[in-house]
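Data first, discussion second: the structure below is written as structure tokens.
Read-outs: derived from the displayed coordinates by stated rules, not from any lab. Source: prediction; values computed, not measured. Backbone-built Cβ (ideal geometry, glycine too); neighbour counts: all protein chains shown.
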Amino acid sequence: MADPTDSQATKPESVRPLILVVDDDRSIVEGLAILLDGWGYEVVKALSAAALEAQLGGLDRAPNLIIADHYLPAGRTGREVVERVRAETGQQIPAIILTGDSTPERRDEAELLGCQLLLKPVQVGPLREAVEALCSR
């Protein structure tokens with residue numbers, strides 16, 4: 001249940017910030033959705049880039065944030081998801097890339113995209129700080 005002292009949790013459904021979550025691990029997607037909903041966000045979930053793309057046309061507004069795993073099915077990446085959503089909306093949507101890959105290449109790629117990189121397993125505190133900071137832009 002949402003904390004009633006959290007101002008976002010008391011907002012009407014239609015004005016809750018929208019977050020896209022894309023990860024091929026269903027337990028991660030569901031866990032993030034539960035956390036984000038409890039923090040007062042509306043969540044669109046997808047288990048692949050293709051599944052998200054199938055939902056993009058049905059969105060009634062641009063998302064406030066994208067959270068995407070780096071490695072997705074069919075050789076796709078979180079970078080592709082971020083680029084596709086930004087191209088589709090025409091907006092520089094903030095994004096968080098989740099990965100267990102801590103190589104300099106992943107960090108450089110995220111930086112070039114203007115994304116925040118969070119390493120798995122993601123801790124709740126740093127995740128919430130990142131989500132709130134990026135959604136308040």
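Worth pointing out:
- Note on region 6-133: Cα convex hull, mean projected area over all directions, 7.4 nm².
- Folded to 0 to 90 degrees: helix 124-135 orientation relative to the chain principal axis, Cα: 80 degrees
- Relative to the longest principal axis of the Cα atoms of the chain, the long axis of helix 26-38 makes an angle of roughly 30 degrees.
- Each Lys and Arg contributes +1 and each Asp and Glu -1, all at the Cβ; summed about the Cα centre of region 39-100, the dipole is approximately 80 debye.
- Residues of region 38-69 with amide N under 12 Å of a point placed 7 Å along Cα→Cβ from Arg26: 47
- Stretching the chain fully between Gln55 and Ser102 yields a gain of 13.9 nm (0.36 nm per residue, less the alpha carbon separation).
- Farthest positive-ward along the chain dipole, Cα basis, beta-carbon charges - from Leu72, Pro17, Leu118: Pro17
- Modelled spin labels at Glu83 and Leu112, positioned 7 Å past Cα toward Cβ, are 0.9 nm from each other.
- Axis of helix 78-89 versus longest Cα principal axis of the chain: the two differ by about 60°, to the nearest ten degrees.
- Computed magnitude of the charge dipole of the chain (debye, nearest 20; Cβ of K, R +1, Cβ of D, E -1): 160 debye
- Euclidean distance between Cα centres, region 20-98 to region 118-137, Å: 14 Å
- Karplus-derived 3J(HN,Hα), 6.51/-1.76/1.60, for each residue of region 100-106, Hz, glycine and proline x: x, 8, 9, 5, x, 4, 5
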